[in-house]
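One structure is given here, and the rest of the page talks about it.
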Ligand code: SF4
């Protein structure tokens, strides 16, 4: 195990990565693939259950209050395997009574029956990947579902009494216009999900989109900013308060699990490529499912499948805190920074702030300094300008921009 097996109390998030998809979307650089051999599903769930068992004693004093099964596409797992996994999480860990238990869902891979069984097994929140409400844009992204599949899935989830639903949308899609993006936002918000995520499509190296990047008809940066600003405004108007660069929620429905990442709280991530921040150490597991299963099948410790491990303290902790807090709409609380690090944020990093405040990229609200929409859109640039070279070098790659 990459961290000391000390058993400390407190809350915790649990993340479980499912690295399978029915087919690969052209823009995706997550670790996921379409398996040729379906026997892998049962072997993989067995490996996850063993890995959980391995952490059981280290987590026995914790009360996990969020669980997130993500991917990949968790609903690509055969129903029995997915339910075995959900029940395994509940049986292994002492989950809080008010736990937020989320599963990511692809609309083309789930039925009403599965949703009912998921809810009965303990799932109380789903996140549905829609991305766009326009068929042409969905096809351009090589998504495997239609808008009709999404609508069926959403209605099925409501019928299955899942009362907390998040929907993912994207902007910056090839050929997308501001009008079509607002059409998608309008369509989704009329269904009244509790939560909406709005991500900027990035063309990542190694993806089919990257190879085609010169032929894709992509909006330029100014157009993207106009789209982002207009979509944020429509979401706010419809009652979805922005609480993070890409996330919007109705009152009381912010994603508890994702807030752990941005508030520098601890979580344990299981599965190939999953990252953890546990007992003060950040680590991740090998992004290869066969190697992961093999490693777990012969487990005496999980050192063999750990690809990075670093205790987070000093400069690295401070740098990560700044980067993560500025993702939130509330921004960085100056008093909390002082209490946590014993230093004054403005003395250490204040030199460049007047420029960003004056230009409208940042705003001061009481004890907090936050990015405005304009600042959020170029947050990578602003943070790399504020932080020193030394800070940036100290930050774990998993938390860099
Ligand atoms: S469904 Fe999600 S994880 Fe799977 S390939 Fe598409 S974007 Fe990637």
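The values are calculated or read from the model by the stated rules, or taken from the named source; none is laboratory data. Predicted, not measured: the structure shown is a model, and the values here were computed from it. We place every Cβ from the backbone using ideal geometry, glycine too, and count neighbours over all the protein chains shown.
The table for this structure:
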| quantity | calculated |
| --- | --- |
| Conditions (1) in a loop (DSSP other than H, G, I, E, B); (2) touching a strand residue (DSSP E or B) at 6+ places or on another chain (Cβ under 9 Å): number failed by residue 144 | (2) |
| Among the candidates 36, 13, residue that is away from the ligand (no atom under 14 Å from the Cβ), within 17 Å of the chain's Cα centre (by Cα) and either outside any strand (DSSP E or B) or in contact (Cβ under 8 Å) with a residue 60 or more places away in the chain (or both) | 13 |
| Failed item in (1) in contact (Cβ under 8 Å) with a residue 60 or more places away in the chain; (2) under 27 Å from residue 170 (Cα atoms); (3) touching a strand residue (DSSP E or B) at 6+ places or on another chain (Cβ under 8 Å), with residue 85 passing the rest | (2) |
| Positions within the stretch 58-98 being within 16 Å of the ligand (Cβ to nearest atom) and either outside the structural domain of residue 129 (by TED's automatic domain parsing) or outside any strand (DSSP E or B) (or both), in sequence order | 72, 73, 74, 75, 76, 77, 82 |
| Positions within the stretch 242-266 being surrounded by fewer than 15 Cβ atoms within 10 Å (Cβ to Cβ) and touching a residue at least 24 places away in the same chain (Cβ under 8 Å), in sequence order | 263 |
| Test: residue in the stretch 162-174 that is more than 23 Å from residue 145 (Cβ to Cβ) and free of Cβ contacts under 8 Å to residues at least 40 places away in the same chain | no |
| Identity of the residue in the stretch 107-134, in a loop (DSSP other than H, G, I, E, B) and in contact with a strand residue (DSSP E or B) (Cβ under 6 Å, 6 or more places away or on another chain), that ends up nearest to the ligand (Cβ to nearest atom) | 123 |
| Members of the stretch 47-57 found to be touching a residue at least 40 places away in the same chain (Cβ under 8 Å) and either over 21 Å from the mean Cα position of the chain (by Cα) or near the ligand (Cβ under 9 Å from one of its atoms) (or both), listed by number | 47, 49, 50, 51, 54, 55, 57 |
| Hey, residue 137 within 24 Å of residue 26 (Cβ to Cβ), outside any strand (DSSP E or B) and in contact (Cβ under 8 Å) with a residue 24 or more places away in the chain or not | yes |
